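J.: Here's a structure for you.
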Amino acid sequence: QVQVVESGGGLVQPGGSVRLSCAASGFTSSRYVMSWYRQAPGKERELVAALFSAGVKKYADFVEGRFTISRINAENTMYLQMNSLKPEDTAVYYCNVASLDLSLNYWGQGTQVTVSS
């Protein structure tokens, strides 16, 4: 059984930092992508960053060098380090783990990040 669990969200001041974690267990595909998405109230879910099994990383344009996606293979845990946060970064952040052919596709429950003074 595949489980995807996010943690690390919370309230942070503008300009601050937060690190999100995503622990994925039971996922066995060797060719995969692990991604962070976010969804703000009234908006559609959007891709934030993706990390492919080959090591390639992709970021949304709005990241502008502020976020870093990484993974510790031995722990099957992915991270999203977010710096220089803005109020518009406020959203529920979701972890997604999928095989490259999308035959396997799993979501976490989401973690709230609120950027406010």
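The values are calculated or read from the model by the stated rules, or taken from the named source; none is laboratory data. Keep in mind it's a predicted model, so treat the numbers as computed, not measured. Ideal geometry is used to build each Cβ from the backbone, glycine not excepted, and the neighbour counts take in all protein chains shown. Side chains included, ligands, DNA and RNA excluded: accessible areas come from the protein's heavy atoms. Shrake-Rupley method; radii C 1.70, N 1.55, O 1.52, S 1.80 Å.
J.: Is it fair to say residue 61 is of a type outside the set (Ser, Thr, Tyr), open to solvent by 20 Å² or more (accessible area, probe 1.4 Å) and at pLDDT below 95?
T.: no
J.: Can you tell me which residues in the range 88-105 are farther than 21 Å from residue 61 by Cβ, of a type in the set (S, T, N, Q) and touching a residue at least 60 places away in the same chain (Cβ under 8 Å)?
T.: Of everything in the range 88-105, just one residue is farther than 21 Å from residue 61 by Cβ, of a type in the set (S, T, N, Q) and touching a residue at least 60 places away in the same chain (Cβ under 8 Å), namely 99.
J.: Taking residue 55 as meeting all but one of (1) in contact with a strand residue (DSSP E or B) (Cβ under 8 Å, 6 or more places away or on another chain); (2) open to solvent by less than 90 Å² (accessible area, probe 1.4 Å), write down the number of the exception.
T.: The single condition residue 55 does not satisfy is (1).
J.: Is it true that residue 19 is open to solvent by 30 Å² or more (accessible area, probe 1.4 Å), part of a strand (DSSP E or B) and more than 30 Å from residue 117 (Cβ to Cβ)?
T.: No: the conditions fail for residue 19.
J.: Could you grab the pairs with beta carbons closer than 7 Å, sequence gap of 6+ or different chains, first residue in the range 106-117 and over 15 Å from residue 94 (Cβ atoms), second one among the acidic types (Asp, Glu) and modelled with pLDDT of 95 or more?
T.: Within 7 Å, the pairs are 115/89.
J.: Another question, if that's okay. For the condition in contact with a Lys or Arg (Cβ under 9 Å, 6 or more places away or on another chain), in contact (Cβ under 8 Å) with a residue 60 or more places away in the chain and either farther than 15 Å from residue 7 by Cα or assigned to a loop (DSSP other than H, G, I, E, B) (or both), what is the one hit in 85, 51?
T.: Unique residue meeting the criteria: 85.
J.: May I ask you to list the residues in the range 70-117 that are open to solvent by less than 30 Å² (accessible area, probe 1.4 Å), at pLDDT 95 or above, hydroxyl-bearing (Ser, Thr, Tyr) and over 11 Å from residue 35 (Cα atoms)?
T.: If the condition is that a residue be open to solvent by less than 30 Å² (accessible area, probe 1.4 Å), at pLDDT 95 or above, hydroxyl-bearing (Ser, Thr, Tyr) and over 11 Å from residue 35 (Cα atoms), then 111 is the only one that fits.
J.: For the range 1-16: of the residues being open to solvent by less than 40 Å² (accessible area, probe 1.4 Å) and outside any strand (DSSP E or B), which is farthest from residue 110 (Cα to Cα)?
T.: Only one residue fits best here, namely 16.
J.: From the residues in the range 22-50 that are basic (Lys, Arg) and open to solvent by 30 Å² or more (accessible area, probe 1.4 Å), which one is nearest to the chain's Cα centre (by Cα)?
T.: 45
J.: Just need a number here: residues in the range 54-69 that are farther than 12 Å from residue 36 by Cα and part of a strand (DSSP E or B).
T.: Residues flagged as farther than 12 Å from residue 36 by Cα and part of a strand (DSSP E or B) within the range 54-69 amount to 0.
J.: Here is a further query. Between residues in the range 1-22 that are among the charged types (D, E, K, R) and residues that are surrounded by fewer than 13 Cβ atoms within 10 Å (Cβ to Cβ), which pairs lie under 8 Å by C-beta distance while being six or more apart or on different chains?
T.: Short answer, once both residue conditions are applied: 6/109.
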